[in-house]
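Visitor: The following block contains the structure, expressed as structure tokens.
Please treat every number below as a calculation from the coordinates, not as lab data. Predicted model only: the values in this text are computed from it and were never measured. Here the Cβ is made from the backbone with ideal geometry for all residues, glycine too, and neighbour counts use every protein chain on show.
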Amino acid sequence: MTKPSIVVLGSNFAGLAAAQKLREYAGDDVEITVIDRKNYLLFVPNIPSEILDYNRNPALTMHMDIIHPLAEDRIRFVQGEVMTFDVDQQTVEYVPTERPGAAYERLHYDYVVFALGTRLAYDAIEGFAEFGHTVSDTYYGERLRQYLHQEYRGGPVVIGSDLFHQGTMTQNLVPMASAACEGPPVEMTFSMLAWLRRHHPRSAGSLTVFTPGETIAEDAGLNNVSALLKMAAEAGVHYKNNVRGIRRLTAEGIEFADGSSLEAELKIVFPDWRPHAFMKGTPIVDDQGFVLTDMTMRHPRYRNVLACGDAAAVVVPKLGYLAHITADMAAKQIAMDVGRLDPAVANIPPHFVVNCLGDMGDKRAFFINSDTWYGGTLEQLRAGSRVAYFLKMQYKDLFFRYKGKVPEWGIPVANFIASEL
Ligand SMILES: Cc1cc2nc3c(=O)[nH]c(=O)nc-3n(C[C@H](O)[C@H](O)[C@H](O)COP(=O)(O)OP(=O)(O)OC[C@H]3O[C@@H](n4cnc5c(N)ncnc54)[C@H](O)[C@@H]3O)c2cc1C
């Protein structure tokens, strides 16, 4: 008998974890293939600290090889661009990306796991290429680092997000958010403030953080956010809410969708997290193009289609921690189907929590752990903590050392230590 063929699309946090967990839970009873256009994992969360705390090119430190870890688990890796898929024929079409000119290939699957993340739509922000900065990949991170040290003259700084267009078909499972992921603007605000104090002390009072919504990082717990905003205000940071989105960036500043504007020399922005164009209109997505799933991460109709991480409609905010737990859930479901995991274990839905360690500069960080966004009562915050910063750095080291397989005790122990500070 041939083994079920599992194809995992994407190999960053969600895809790598799904493939590794699947091998762990299902053993060698399944064939696993992973497809990603690049052959390394981009460790996004620590890019800000690489630039602002260590003044390092993040491309040198934030890429982790995925070819060897996957090979060690007998997982086939294809470096290719996923182009289309057909859920009735159970096929995926991709084109190898190592050299241009490669021919399209088609792969049959028994199960497919969508872990393709999203498309960060900087190209939808007028003026971004000329006047914008960001930290969501190593290219932009390095560009910001060069700008700060070579061009920045100490003028006003704005940091914030564009409006997020969340699909409406999972409203019964997760609330509607105005921004996809506002941990990064909050952490950039504190760490940029620390950087300004060191390099341009007179400019530290000219930093504004903005949000398209009523409250920044509303998913992190309203009491947590009030406490962080109070700290920021006491440090001289200005706050602008309800801007409804970014209209355009100019040499002079930023214009918002609500008609207001701010003067700024440095504009650090986060875009709309959009689904990939080829996902839109397919039978498995919501009204925006995010993959529809229930809380077991399976499509309600196509039960052999699963999704995890940022690509999944129920994952809001778009957060690495949620990528980790939804990948685990998807792997458990497939392992259950092939008879390797007890349904009583495999069907326990993941507990969604906004869990985040954010850099605040000067080797301090905040720790947020809250499930109020999902209707719970958990709301923890530790801010300005050296231990939280140590944990953030240790997590990255642990992740690289164990090639993505962070020991089971890693996150609970980090949470315990952070909450006991
Ligand atoms: C600046 C910043 C800081 C952050 N900090 C934190 C933090 O502190 N904690 C936290 O929990 N989260 C944080 N996040 C969020 C976190 O980075 C994301 O939630 C996480 O990366 C999602 O993982 P993913 O695997 O679902 O998607 P992605 O990381 O987007 O990975 C998607 C993968 O799919 C591949 N891919 C996409 N399209 C194709 C295609 N057509 N063909 C082949 N391959 C394709 C990509 O190459 C990529 O490898 C931060 C985000 C940003 C921008």
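Visitor: For K267, list the lysines whose Cα falls under 28 Å from its own Cα; do not include residues on the same chain fewer than 8 positions away.
Guide: The qualifying lysines are K230, K240, K318, K363, K392, K396.
Visitor: Tabulate in residue order the Karplus-calculated ³J(HN,Hα) for segment 152-162, using 6.51 cos²θ - 1.76 cosθ + 1.60 with θ = phi - 60°, rounded to whole Hz; enter x for Gly and Pro.
Guide: Running phi through 6.51 cos²θ - 1.76 cosθ + 1.60 with θ = phi - 60° gives 4, 9, x, x, x, 10, 10, 9, x, 10, 7 Hz.
Visitor: Right, another one. Remind me, relative contact order of segment 121-273 in percent, using alpha carbon pairs under 8 angstrom and six or more residues apart? Write down the numbers at each step before the final one.
Guide: Numbers: 268 pairs, mean separation 56.2, N = 153.
Once divided by the residue count of segment 121-273, the mean separation gives 37 percent.
Visitor: Arrange the following residues from fewest to most other Cβ atoms within 10 Å of their Cβ: Y94, Y239, Y54.
Guide: Values: Y94 23, Y239 15, Y54 12.
Least to most surrounded, the residues fall as Y54, Y239, Y94.
Visitor: As a test, work out the antiparallel percent of DSSP beta bridges whose residues both lie in segment 121-273, rounded to the nearest 5.
Guide: 30
Visitor: Check the straight Cα-Cα distances from K38 and name the aspartates and glutamates below 12 Å, setting aside those fewer than 8 residues away within the same chain.
Guide: D65, E81, E98
Visitor: Given a Förster distance of 30 angstrom, what is the FRET efficiency for T250 paired with H200, based on the Cβ-Cβ distance and rounded to 0.05?
Guide: Numbers: r = 22 Å, r/R0 = 0.72.
The computed FRET efficiency comes out at 0.90.
Visitor: Give the shape of segment 352-421 as rounded, prolate or oblate, defined through the alpha-carbon gyration tensor: a ≥ b ≥ c are the square roots of its eigenvalues, a/c under 1.5 means rounded, and otherwise the shape is prolate if a/b is larger than b/c and oblate if not. It would help to have the intermediate numbers written out before the result.
Guide: Numbers: a/c = 2.09, a/b = 1.22, b/c = 1.72.
Here segment 352-421 falls in the oblate category.
Visitor: A further question on this structure: With contacts defined as alpha carbon pairs under 8 Å and 6 or more residues apart, what's the relative contact order of segment 265-407 in percent? Write down the numbers at each step before the final one.
Guide: Working: 212 pairs, mean separation 17.2, N = 143.
Averaging sequence separation for qualifying contacts and normalising by length gives 12 percent for segment 265-407.
Visitor: OK, next. Please list, ordered by chain and number, the residues whose modelled amide H lies under 5 Å from the amide H of G127; skip anything fewer than 5 residues away on the same chain.
Guide: L249
Visitor: Right, here's the next one. Could you state the angle between the C-alpha long axis of helix 320-337 and the longest principal axis of the C-alpha atoms of the chain, as a value from 0 to 90 degrees rounded to the nearest 10?
Guide: Long axis of 320-337 versus the principal axis of the chain: about 10 degrees.
Visitor: Another question about this same structure. Obtain the radius of gyration and the Kirkwood radius of the chain from its C-alpha atoms and give Rg over Rh. Write down the numbers at each step before the final one.
Guide: Details: Rg = 21.1 Å, Rh = 22.0 Å.
Ratio of gyration radius to Kirkwood radius: 0.96.
Visitor: Rounded to two decimals, what ratio of Rg to Rh does segment 42-134 give with C-alpha atoms and a Kirkwood Rh?
Guide: 1.05
Visitor: Which lysines, on any chain, are close to K21 with Cα under 18 Å apart, when same-chain ones fewer than 8 places away are left out?
Guide: K3, K332, K403, K405
Visitor: Show me the ranking of peptides 375-388, 209-222 by mean Cβ neighbours inside 10 Å, starting with the highest.
Guide: Highest mean packing first, the order is 209-222, 375-388.
Visitor: Please arrange S49, S11 by counting, for each residue, the other beta carbons lying within 10 Å of its beta carbon, fewest first.
Guide: Ranking S49, S11 by Cβ neighbours within 10 Å, fewest first, gives S49, S11.
Visitor: Got the relative contact order for the chain handy, in percent, Cα pairs under 8 Å and 6 or more residues apart?
Guide: Contact order relative to length: 18 percent.
Visitor: Here's something else I'd like to know. Taking amide hydrogens as modeled 1.01 Å from N in the peptide plane, which residues meet the under 5 Å criterion relative to V285, leaving out close sequence neighbours?
Guide: It is L292, by chain and number.
Visitor: Just to be sure I follow: if Rg is taken over the C-alpha atoms of segment 121-273 and Rh is the Kirkwood radius over the same atoms, what is Rg/Rh?
Guide: 0.96
Visitor: What shape does segment 228-341 have by the C-alpha gyration tensor, where a ≥ b ≥ c are the square roots of the eigenvalues, rounded means a/c under 1.5, and otherwise prolate means a/b greater than b/c and oblate the rest?
Guide: The shape class here is prolate.
Visitor: Further question: Residue by residue through segment 86-91, which ³J(HN,Hα) values in whole Hz follow from phi under the Karplus form 6.51 cos²θ - 1.76 cosθ + 1.60 (θ = phi - 60°), with glycine and proline marked x?
Guide: 9, 6, 7, 7, 6, 10
Visitor: While we're on this one: Which order results if R99, R23 are arranged by neighbouring Cβ count within 10 Å, fewest first?
Guide: With the sparsest Cβ surroundings first, the list reads R99, R23.
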